[in-house]
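The values are calculated or read from the model by the stated rules, or taken from the named source; none is laboratory data. Since the model is a prediction, treat every value here as computed from it, not as a measurement. Ideal geometry is used to build each Cβ from the backbone, glycine not excepted, and the neighbour counts take in all protein chains shown.
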Amino acid sequence: MPAADNKRNFERLKHKYRLVIMNDDTYEEVTAFRLSRMSVYVAMSTIFVLLVAVTVATVVFTPLRYYIPGYGDLKQRKEFMQLKIKTDSLQKAVIARDQYRII
């Protein structure tokens, strides 16, 4: 039974439909398209993939990538690590000084 349902669904994808665009004032047919569900699915999938590709390319190959959190410049990352190390050592020095004062 499921094989028959799959075959029927696949046949539905092949059915042809006609999309007509008409002028509302004169009812003149401006253009007409013969479409199937499969062709609409393929067209929408292609558009989606192209939009994703353009978006990724825009982010990767332009300075927009620096606005993404965690996607910093290598130089900035090194500076950040150096500042983190200095901050940690200063924090340890302050803790040691405070302990010295208490004793």
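Out of Tyr71, Tyr17, report the one residue that is surrounded by 10 or more Cβ atoms within 10 Å (Cβ to Cβ), outside any helix (DSSP H, G or I) and at pLDDT below 90. The conditions single out Tyr71.
Condition (residue is out of contact with any Leu (no Cβ under 8 Å at 6 or more places or on another chain), of a type outside the set (Ser, Thr, Tyr) and either more than 30 Å from Arg8 (Cα to Cα) or not assigned by TED's automatic domain parsing to the domain that holds Arg8 (or both)) applied to region 32-49: is it met by at least one residue? There is no residue in region 32-49 that is out of contact with any Leu (no Cβ under 8 Å at 6 or more places or on another chain), of a type outside the set (Ser, Thr, Tyr) and either more than 30 Å from Arg8 (Cα to Cα) or not assigned by TED's automatic domain parsing to the domain that holds Arg8 (or both).
Picking from residues in region 22-68 that are of a type in the set (S, T, N, Q) and in a loop (DSSP other than H, G, I, E, B), the one that is farthest from the chain's Cα centre (by Cα) is Thr26. In region 41-55, the residues that are of a type outside the set (D, E, K, R) reach residues that are part of a helix (DSSP H, G or I) with C-beta atoms within less than 9 angstrom, at least six apart or across chains, in these pairs: Tyr41/Leu13.
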